[in-house]
Amino acid sequence: DGHDRPVPGALVAVVHPHVGRAEARTHSGEDGRFEVEVTAGEYGITATAEGPAAAYQAPKSLDADQEQELRMGGRGFTVSGHVTDDESAPVAGEAVQLVRISRDVADLFFAETDAEGRYAATLPPAESYQVFVDSRELLGKAHSIEGDVDRTVDLSVFRQGPAPGSVVEWIRANAIPLKTPEAGHGFDDMKPL
């Protein structure tokens with residue numbers, strides 16, 4: 001942190017600047033140290049926790065066994081909230097991504113939900129952020145936040161998967177078949193539309 005004390009439990013993300021996703025994420029240990037394995041290349045690094053403001057290192061070339069130091073602290077604001085699913089149950093162990101809208105690249109900050117679906121992150125000031133659940137199995141709406149004041153942002157997600165039987169039945173009962181997408185075959189099949 002700004003007083004040279006280690007920050008245990010910070011969520012550290014190594015971010016590919018041209019992909020817009022974390023290449024790797026890990027937590028810092030009790031001594032504030034972290035280790036990740038990524039292919040050599042150009043990356044930005046962020047470290048996020050509740051308390052000291054998140055740290056951001058602009059993308060630079062990283063090679064094998066290269067140490068990086070991130071300094072958290074300074075002025076910041078806290079975004080916290082709950083993540084629940086479509087049945088209002090808490091969603092645990094998922095990453096919440098907080099994307100700073102700025103001229104920088106790779107400034108993606110992360111928090112993780114606890115057993116009750118709660119998350120919190122202290123972020124550096126910015127005009128705006130996008131907040132959403134970063135998951136391949138869960139879908140949800142991104143929320144925009146403006147200004148740098150403490151706030152609560154609750155997120156709702158749903159799990160991807162096969163449609164329920166009632167939805168499949170409704171589609172079968174209400175589908176309008178089209179004979180061909182090619183021109184020159186008349187419009188009879190499109191009359192119901």
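The values are calculated or read from the model by the stated rules, or taken from the named source; none is laboratory data. All of these numbers come straight from a predicted model, not from anything done at the bench. When we count neighbours, we look across all protein chains shown, and the Cβ atoms used for this are built from the backbone with ideal geometry, even at glycine. Side chains are part of the model used for accessible areas, which takes the heavy atoms of the whole protein and leaves out ligands, DNA and RNA. Shrake-Rupley method; radii C 1.70, N 1.55, O 1.52, S 1.80 Å.
Right, Arg118: under 15 Å from the mean Cα position of the chain (by Cα) and open to solvent by 20 Å² or more (accessible area, probe 1.4 Å) or not? Before the answer, list the steps.
Numbers: under 15 Å from the mean Cα position of the chain (by Cα): yes; open to solvent by 20 Å² or more (accessible area, probe 1.4 Å): yes.
Judged against the criteria, Arg118 is a match.
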Only one of Thr152, Thr113 is modelled with pLDDT of 90 or more, under 27 Å from Tyr43 (Cα atoms) and polar (S, T, N, Q), namely Thr113
The residue from Glu137, Glu169 that alone is surrounded by 10 or more Cβ atoms within 10 Å (Cβ to Cβ) and either β-branched (Val, Ile, Thr) or in contact with a strand residue (DSSP E or B) (Cβ under 9 Å, 6 or more places away or on another chain) (or both) is Glu137
Listing of strands (runs of 3 or more DSSP E) fully contained in region 1-97 that carry 1 or more residues being open to solvent by less than 30 Å² (accessible area, probe 1.4 Å) and within 30 Å of Phe158 (Cα to Cα) = 11-16, 21-27, 41-48, 77-84
Look at Ala106 and say whether it is open to solvent by less than 40 Å² (accessible area, probe 1.4 Å), part of a loop (DSSP other than H, G, I, E, B), of a type outside the set (Lys, Arg) and without any contact (Cβ under 8 Å) to a residue 60 or more places away in the chain.
-> no
Scanning region 142-166 for residues that are open to solvent by 60 Å² or more (accessible area, probe 1.4 Å), under 30 Å from Arg75 (Cα atoms) and in a loop (DSSP other than H, G, I, E, B) gives Val149, Asp150, Asp154
